[in-house]
1. What figure, in Å² to the nearest 10, do you get for the accessible area of A:ASP19 with a 1.4 Å probe and non-protein molecules left out?
2. Which lysines have a Cα less than 16 Å from the Cα of A:LYS134, not counting those fewer than 8 places away in the same chain?
3. Under a cut-off of 29 Å between alpha-carbon atoms, report the lysines in cross-link reach of A:LYS401, not counting same-chain residues fewer than 8 places apart.
4. Using unit Cβ charges (K, R positive; D, E negative) and no other charged atoms, how large, in debye to the nearest 20, is the dipole of the stretch A:59-367 about its Cα centre?
5. Using only DSSP helix segments of four residues or longer, with each worth -39500 (n - 2.57), what per-residue ellipticity at 222 nm results for the protein assembly as shown after dividing by its residue count and rounding to 500?
6. In whole angstrom, and with the biggest value first, how far do the Cα coordinates of the stretch A:123-250 range along each principal axis?
7. Quick one: work out Rg over Rh on the C-alpha atoms of chain B, Rh as Kirkwood radius.
8. In the stretch A:247-283, which residues give up 30 Å² or more of accessible area once the other protein chains are added, compared with their chain alone (1.4 Å probe)?
Amino acid sequence: MTALVIRGGQLLDPAAGVDALKDVLLKDGRVAEIAAPGKLKSANGAEVLDATGLYLAPGLIDMHVHLREPGQGYKETIATGTAAAAAGGFTAVAAMPNTTPVNDSSEITRWMLAPEREAAIRVFPIAAATRGSKGEMLNEYAALKSAGAVALSDDGRPILKDNIMREALTAAARVGLTVIQHAEDTRLTQGGSMNLGPMSFKLGLRGMAAEAESSIVERDIRLVTELRDTRVHLHVAHTSTAAALAAVRQARRNGLRVTCEVAPHHFLLTEEHVGLYNTNAKMCPPLRSAADRDAMIEAILDGVVDAIATDHAPHAVHEKEVEFDNAPNGIIGLETAFGLSLRWLHKEWKLPLGRVLSLLSAQPAALLGMKGRGTLTVGSFADVVVFDPKAEWTYNAREGKSKSRNTPFDGWTMQGKVRWTISEGRIAYNAETA
Amino acid sequence: MNPTTTPVRRQLSHPPVDASPFPYNPGSLLSAGDLSLDGISHILARATALENQDPLVRNRILAKRRVALLFYESSTRTRTSFELAAKSLGADTTLVSSLSSSIEKGESLKDTGLTLRALGAEAIILRHNSSGAAWLLESETRLPVLNAGDGMHEHPTQALLDLRTILAHLKAGAETVTPETLAGVTVSIVGDILHSRVARSNMLLLPRLGARVLLCGPKELLPELAALAGPGITIERDFEAALRQSQVIMMLRIQAERLAGLQLDLEEYKAAYQLTGPRLGTLAPTAIVLHPGPIIRGLELTAGVADGPQSAILEQVKNGVAIRMAVVERALLADKQGGRA
Ligand SMILES: [Zn+2]
């Protein structure tokens, strides 16, 4: 494998406590050497990337994406989804199992990881927690783990039954995996297509109550409490309500291993952004009230939120060009998460750059037990994002790498332009040739 | 990064909400809230003028213009009313209903709209079971779209014909409306508010003319957050208290087709909310009774009230044709009349 030198950039690696001008040598997919500018010992013959004036950081990690393969390649493929991820600065994504068929077997997990999928960056499959994600019968967690699964989830649906959730948490803990819950009491959200509140009443749409999320989070935390097993790890996907965050905050106070993620749309948008039936503002969980949105921001700023994850959910144009209640849930997010996080969390709300990067890399890596990722020290994977943190740009969904364009952020101003994304030593995205 | 810190509220700025691009076409009537007071006055005046016009002159106004009626829900009253209105202005009308083969075969609303446009439709009157369908159709076709009822959301021509009926009784048929026109007037809307597009359109329209709107019904059919839908709206759960304050009583049908599993004890409902002769006679002897239809005699009101002297239900039907003539005319002549009214 060829060697790469990234020269002249500011290395910002919060996990390692580094924020300094460094030259970095990448070799055989790993970080081979880090040195003060011009001081690399073994850089002869390596291709040189000039990062003068730019930052380099551990590649971003999105722990919640839908790559749609197998089965729904018209929305996205592993190739197009990972190309979009690379363009967004990501070097690893965790792919949810609600594909067709559901990824509840070692065969499908291995199929997703096969070289024929032509992934531009690393894909880490999350396997279904239950057979067919039906919430009735547990899958074989040990086998799924050895096939490459990094976590378990029935995302798209909740694990509703108490006893099944309890068994899933226990069985997952036994093999060292996390259970990621899509917290939605679907008995309360039937027919709902947006947040329950004054807006849903005005628009004549059936609403999804905040309690439908928080009650499941509270139930799950109760189960974790009762299990009294420190290996048990519950992770709450796409947290969207103040009440759910409060429950997570309290669980943390009680010393439980309960973590959560928040999607950019939930810390930026509210139910008001649904406007007059904009189906690109329809997702599950839905955009919530301003108070909920504010709670997301507070919890990110004060450290209760463990990761920013996109819930990248591509849908074809014709699927979204329908009546609001008939439109599928979800928006794409891989190409906007970094730009929105820097524009709003960092620039507007003053979250230090290193903390933004942690939420998008070191912390999700730790949550999913990805060793050698989320940091750039000698020996770790050569997963790097090189970017200009000050550059502003305008997102144009038509020019995106994703197969789909279902985003409420089309035309928005972003901050922080990715120059190169390097995945295990290979250039996966180059802004000049993209 | 101490997760046990209690959150402190900060003053933060947030991404703005874009202004609505609707309506794209100045001839469209999507929401009762889209009309300015001048626009409402204009429609009321045209309704009267068209109603009084010689039918042989009137039917030259839109002679040979093409209007499509696209109906995804069965409807006798609204469909016939729009059809008569368009025809009496001389327009050619085509009805496409949910029983039409293309829709049965699963054609999307977008494609049906584009097909109608390609066939020469110059305006589309849409009735649809999904809230917001009229907005989708308008943005995809950019034709004048008249919302004849979208799901549980709006039914703006119903609110306009209700207004015309109220004005005829309380304001001697006034046609120029101001923010004070209905000052001092209390309108009670009673029954299944949650599922009612008629209620929502009236809630948007009447308070802008100074009316006080009381919403009355049980919790299952009238959630507390309905009061937050706009200014001038109050919830009054006690039907008799509402009646005592009202000059206008608008009774709504229980929409069994939209209850979605909701269980309702009809006997209990009738005991609390049925408009009976004695209730009306003792609590609101001078009020007018409105109902958007179809009425279910013996449920939300008694036959005696429906046929009684305070009932304006059939006047509403008649006003519907006049209002819809004005609205169809506006749809096709909006550009010539100097744009958005
Ligand atoms: Zn989910």
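1. A:ASP19 exposes around 90 Å² with every protein chain in place.
2. By straight Cα distance, A:LYS134 reaches A:LYS161.
3. A:LYS27, A:LYS75, A:LYS282, A:LYS320, A:LYS347, A:LYS371, A:LYS390, A:LYS417, B:LYS110
4. Working: 31 positive and 36 negative charges, 127 e Å.
That gives a dipole near 600 debye.
5. It comes out at -9000 deg cm²/dmol, rounded to the nearest 500.
6. 50, 30, 27
7. Ratio of gyration radius to Kirkwood radius: 1.00.
8. Residues passing the criterion (a loss of at least 30 Å², heavy atoms only) are A:ARG249, A:ARG253, A:HIS273, A:LEU276, A:TYR277.
The values are calculated or read from the model by the stated rules, or taken from the named source; none is laboratory data. What you are looking at is a predicted structure, and each value in this text was computed from that prediction instead of being measured. Please note: Cβ atoms are built from the backbone with ideal geometry, for glycine as well, and neighbour counts cover all protein chains shown. Accessible surface areas use protein heavy atoms only, side chains included; no ligands, DNA or RNA. Shrake-Rupley method; radii C 1.70, N 1.55, O 1.52, S 1.80 Å.
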